[in-house]
Amino acid sequence: MARVSQEHLDARRRQILDGAARCFARNGFHATSMQDVFKETGLSAGAVYRYFSGKEALVAAIAEEAFAGIRASFEEASRATPPPTPDVLLGGVLRLLLEERIPGADRNAFARLIIQVWTETLRDERLAATLALGYNGMRAAWSDLVEAYRKNGLLHADVPADHVARTLIAVAQGFIAQQALFGDVSAEILENGLRGVMSMGVQSPS
């Protein structure tokens with residue numbers, strides 16, 4: 001029997017996660033059955049269960065992926081010299097989350113999915129632990145970025161790095177909620193809004 005390549009295994013796992021994410025975003029976690037996932041992905045039950053033990057495992061994997069992608073963006077930014085300003089970085093992250101995230105789904109799908117993940121953590125301890133781990137990782141990455149701002153002379157206020165990090169994360173979370181609820185969010189709105197706030201106290205050129 002020919003061995004299945006790792007590339008094939010990774011592609012199949014991606015197919016399952018994308019299909020499950022479309023189902024969850026469209027119908028919610030509780031209204032989505034594993035049969036729905038099988039139908040959406042076009043795969044048999046055995047093929048799906050080879051990768052994931054059930055719906056909870058799919059939800060956890062989707063949440064972990066989201067946090068890993070966001071944290072990677074922050075960590076990469078903290079290594080740049082000079083690091084990108086918050087408006088540029090958060091705009092990029094928002095584009096990734098809201099415009100490119102779930103293949104084959106509408107633009108609001110990932111935002112709806114994130115809101116459901118947040119809600120589900122109130123009853124699912126495993127998912128709550130995943131959320132806490134991801135959130136603390138983002139706080140650490142953002143704190144490193146704030147220190148990079150200081151070193152490059154971009155941030156002079158004597159404010160704890162973690163306080164700045166949590167505030168910027170809250171901005172991203174708020175825009176995700178706006179997109180899920182109202183559907184009128186774009187990265188440009190966030191970038192322009194942050195740029196306006198950042199300009200307070202700075203005289204515009206005459």
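The values are calculated or read from the model by the stated rules, or taken from the named source; none is laboratory data. What you see is a predicted model; the values in this text were computed from it and never measured. Note that each Cβ is placed from the backbone with ideal geometry, even for glycine, and that neighbours are counted across all protein chains shown. When the accessible area is computed, the model is the full protein with side chains, heavy atoms only, and any ligands, DNA or RNA have been set aside. Shrake-Rupley method; radii C 1.70, N 1.55, O 1.52, S 1.80 Å.
Here the relative contact order of the chain, from alpha carbon pairs under 8 Å that lie six or more residues apart, stands at 24 percent. Within the assembled protein chains, the solvent-accessible surface assigned to Y135 is about 60 Å², based on a 1.4 Å probe.
For M138, the accessible surface of its heavy atoms amounts to roughly 10 Å² (probe 1.4 Å, protein chains only, rounded to the nearest 10).
Both radii come from the Cα set of segment 1-94: Rg as radius of gyration, Rh as Kirkwood radius; their ratio Rg/Rh reads 1.11. Once the Cβ-Cβ distance of D184 and E75 is raised to the sixth power relative to R0 = 45 Å, the FRET efficiency obtained is 0.90. Rounded, prolate or oblate: pick one for the chain, where a ≥ b ≥ c are the square roots of the eigenvalues of its C-alpha gyration tensor, a/c under 1.5 means rounded, and failing that, prolate if a/b is larger than b/c, else oblate. Note, shape of the chain comes out prolate. Helical content alone sets the calculated 222 nm signal of the chain at -24000 deg cm²/dmol, taking -39,500 (n - 2.57) per DSSP H segment of four or more residues and averaging over every residue. Normalising the average separation of contacting C-alpha pairs (under 8 angstrom, six or more residues apart) by the number of residues puts the relative contact order of segment 46-156 at 39 percent. Remark: segment 116-206 carries a charge dipole of roughly 160 debye about the Cα centre, counting +1 on each Lys and Arg Cβ and -1 on each Asp and Glu Cβ. Computed on protein heavy atoms with a 1.4 Å probe, the accessible areas place E147, E7 in the order E7, E147, largest first. For the pair segment 16-33 / segment 142-206, the C-alpha centres are spaced 32 Å from each other.
Look at the alpha carbon pairs under 8 Å that are at least 6 residues apart: their mean separation over the length of segment 109-204 gives a relative contact order of 30 percent.
Accessible surface for the chain, divided over its residues, is 56 Å² per residue with a 1.4 Å probe. Of the residues M198, M34, N136, the one whose Cα sits farthest toward the positive end of the charge dipole of the chain, with +1 on the Cβ of Lys and Arg and -1 on the Cβ of Asp and Glu, is M34.
Projecting the Cα atoms of G46, P86, F110 onto the charge dipole of segment 43-112, computed from C-beta unit charges around the Cα centre, puts G46 farthest toward the positive end.
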